[in-house]
Amino acid sequence: MRPSPGSCARVFELLRSQKLQANQLVEFFTDGAAVLRSLTSYLSAESTHILDWFHLTMRLTVLQQYALGFAQVNAVGGKALQDGLTSIKWHLGHGNAERALEKIWDLDDDLATH
């Protein structure tokens, strides 16, 4: 999904009014919607998209609900999934994003097998 031309223009004008330079690094904190990711890339090639903490926590909560359901079918796998999610949240909460990302990739690999 592509952002509307009007929204692009409004955000671009706001950034320009703040003296945004063409090659300036920009960080956008968003809710992760695809249209916002597209908008941030469109507005600045040097942009970094960051999922805000609230929406990241919401996604982890949904995964925790999935893990509870999965544990009803596969107790060992469900427990491992719950432990992995707890570890991810702990690492994120303690500022160790690199280790949390490693845990996320591990979890992704584990889920691919199920």
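The values are calculated or read from the model by the stated rules, or taken from the named source; none is laboratory data. Quantities reported herein were computed from a predicted structural model and do not represent experimental measurements. Here the Cβ is made from the backbone with ideal geometry for all residues, glycine too, and neighbour counts use every protein chain on show.
Just a few scattered comments:
- Which listed residue, of G84, G93, G77, is surrounded by 15 or more Cβ atoms within 10 Å (Cβ to Cβ) and at pLDDT below 90: G77
- One residue from L25, L14, L56 being within 23 Å of the chain's Cα centre (by Cα) and either crowded, with 16+ Cβ neighbours inside 10 Å or modelled with pLDDT of 80 or more (or both): L56
- Candidates are the residues of segment 31-51 that are polar (S, T, N, Q) and not in a helix (DSSP H, G or I); the one that is surrounded by the fewest Cβ atoms within 10 Å (Cβ to Cβ) is T48.
- Test: residue in segment 96-114 that is among the hydroxyl-bearing types (S, T, Y) and surrounded by 12 or more Cβ atoms within 10 Å (Cβ to Cβ): no
- Within segment 27-55, the set of residues being among the hydrophobic types (A, V, I, L, M, F, W, C), under 21 Å from A97 (Cα atoms) and touching a Leu at 6+ places or on another chain (Cβ under 7 Å) is empty.
- Exclusive hit being outside any helix (DSSP H, G or I), farther than 23 Å from A112 by Cα and either out of contact with any His (no Cβ under 7 Å at 6 or more places or on another chain) or not assigned by TED's automatic domain parsing to the domain that holds L101 (or both), set F54, F28: F28
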